[in-house]
Amino acid sequence: MQTFLLLLLATNNFPGTDELPASPGQLAVSSLMQRHCLKCHGPDRQDGAPHWEQLVLPIKNAADIPRWQAVVEALQSGRMPPEDAAQPTSAERNSAVSHLKAVLLAAESVYGPGYQYQADEIRIPAATADEPRVEAFDAASIQAAATYLDEGAVAWTRSRRCITCHTNGTYIAERPRLTEWLGRPEDEVLQFFQTGVPAETDSSTPQTPRPAYRLIWQTLGLAQWDRYVTKQTGELTDRSLRAMLMQQRDNGSWMHYTGVRELPHISTDFELAVRAAWAVAAAPGWLQNLNDERLLRRVARMKNYLRQHRPGNDYELALKLQVASFMPEAVTVADRRAAITMLREKQQPDGGWSTRGMSAIENWASWHPEKDSKCLQMLRAETEAERSVSDPYMTGFAIVLLREAGVAADDEQIQRGIAWLKANQRMSGRWWMKSMFKQTYHFSTYMGTMQAMKALAVCGELGPAADTGAP
């Protein structure tokens, strides 16, 4: 801890300037991290937490940019310090975050945004709009996409040690389905998700509802792994499902997260409830064999909530169609038909679909007036043309939803969407997408790449099945 403080306060100027006394902002960062962070992130790290005591200010190399960004995200979102630890005051947290954001902005002007993902030997360059497109979509570009998805999730898990919807959450929820074509997903990500499974839950005792996105994404990932890799529901998945249902609120939904997020994930209570229902349906045989009456009532309450919910935007209507693919009894026939019609009408002239075009800005989420102010300002500053640009996330998602609704792969609209995807893959294997929140690292690129690969898979475009290595 002392080593960290000496480094932090002794290097408070950029190269080429005279040494200056520590600024109030740096003192705020130093004080907060000394009292609230370094017990777990210092020399005696706990549970593999990121190593922060050697970080210095100002930032003097590109490699430290994502590390400081992780600190900012943890503090700004309220994810750290954890709920059961002593908390800084709002003033202390805001002062440290404001200073670090200014430092990051200055560093990025010198070094660029650094790597999108970085850990040990993994170095994935920043995602940019000007990255060249592939000359042809083929086996090599498919492998490049698979490598990007696998390495990105592993790097995030190693370097951040947290569950996030836009990277390792997306990975473990979606990548198992691609096992047939891309091989077995990375066990390292699975093992990290397993560490977060709560202790045995007594379903007779109601739990206090609280923001549940980590538990829901964790449960969905474990259930999907069991469905497509092990083909049987494991003990940890069962325990996670039970804990998840015990956090359900009285109306059948879960309390969504209001901090830093990557739209369109973790946007509303309904969107989060869809993930929870997906987890319940995905675990092989779990719901069919469930005999706990208290949990069965919660499942019924969840289905009723999903069925009765009136979509707040076209994206939520699309989610209704997703629910119909795994839990048809929770969606009315009218909503299913309306979603299919909407998706067909929303296709762009170039063959793609636009995520931004799925909602008015104000309806995207339950916005927090302070935490989401910059995101709202950024979205409102975009032109109408920018809001209708096709992107890989919605293009892939729309194709998957239509296919799961029974639309044939050779349908003219689906084929136009597939052609858009094939024409827009980048040399790194990923598909570029401008994020709707974090416009430094554009993690929507990762989400979009996963959806693109799913769409290509369900349309028979990924080639023959691979040796999965699954038991």
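Between rounded, prolate and oblate, where does segment 92-173 land on the alpha carbon gyration tensor, with a ≥ b ≥ c its root eigenvalues, rounded for a/c under 1.5, else prolate if a/b exceeds b/c? Could the numbers behind the result be given before it?
Values: a/c = 2.71, a/b = 1.57, b/c = 1.73.
Cα axes put segment 92-173 in the oblate bin.
Using helices alone, I'd like the mean residue ellipticity at 222 nm for the chain: each DSSP H run of four-plus residues gives -39500 (n - 2.57), total over residue count, nearest 500.
Value at 222 nm, helices only, nearest 500: -15500 deg cm²/dmol.
Show me, for segment 242-256, the HN-Hα J-couplings you get by feeding each phi into the Karplus relation (A = 6.51, B = -1.76, C = 1.60, θ = phi - 60°), rounded to Hz, glycine and proline as x.
Result, rounded to whole Hz: 5, 5, 4, 5, 6, 8, 5, 7, 5, 8, x, 10, 10, 6, 7.
Normalised by the residues of the chain, what does the relative contact order come to in percent, with Cα pairs under 8 Å and at least six apart?
The normalised contact order for the chain reaches 16 percent.
Using a/c under 1.5 as the rounded threshold, could you call segment 54-119 rounded, prolate or oblate? The axes a ≥ b ≥ c are square roots of the C-alpha gyration tensor eigenvalues, and prolate needs a/b larger than b/c, oblate otherwise.
prolate
Could you sort 54-62, 381-389, 159-167 so that the peptide with the highest average Cβ count within 10 Å comes first and the rest follow in order?
Order by mean packing, descending: 159-167, 54-62, 381-389.
For Rg and Dmax of the Cα atoms in Å, the listed values are (1) 22.4, 71; (2) 22.3, 67; (3) 24.9, 80; which was obtained by calculation from the structure presented?
Correct label is (1).
With a sphere of radius 15 Å drawn around the Cβ of R175, what net charge do the other residues whose Cβ falls strictly inside it have (Lys, Arg +1; Asp, Glu -1)?
Taking every other residue near R175 into account, the sum is -3.
For labels at L296 and D120 in the simple 7 Å Cα→Cβ model, what's the distance in nm?
Placing both labels 7 Å beyond Cα along the Cβ direction yields 4.6 nm.
For H368 and A140, what does the FRET efficiency come to when R0 = 35 Å and r is the distance between their Cβ atoms, rounded to the nearest 0.05?
0.20
State to the nearest 20 debye the size of the charge dipole of the chain about its Cα centre, where the only charges are +1 on K and R beta carbons and -1 on D and E beta carbons.
900
Mind checking which lysines have their Cα closer than 17 Å to the Cα of K303? Skip sequence neighbours fewer than 8 apart in that chain.
Hits, sequence-local ones excluded: K320.
When a footprinting reagent is the concern and you count Cβ atoms within 10 Å, what order do H36, H41 take, fewest first?
Neighbour counts put them in this order, fewest first: H36, H41.
K422: which lysines have alpha carbons under 22 Å from its alpha carbon, excluding same-chain residues fewer than 8 sequence positions away?
Output for K422: K346, K434, K454.
Quick check on packing: order 85-92, 232-239, 362-369 by the mean number of other C-beta atoms within 10 Å, highest mean leading.
Sorting 85-92, 232-239, 362-369 by mean packing, highest first, produces 232-239, 362-369, 85-92.
We did not get these values from a lab; they are worked out from the coordinates using the rules stated. Predicted model, so just to flag it, every value in this text is computed and none were measured. As a convention, Cβ positions derive from the backbone with ideal geometry for all residues, glycine included, and neighbour counts pool all protein chains shown.
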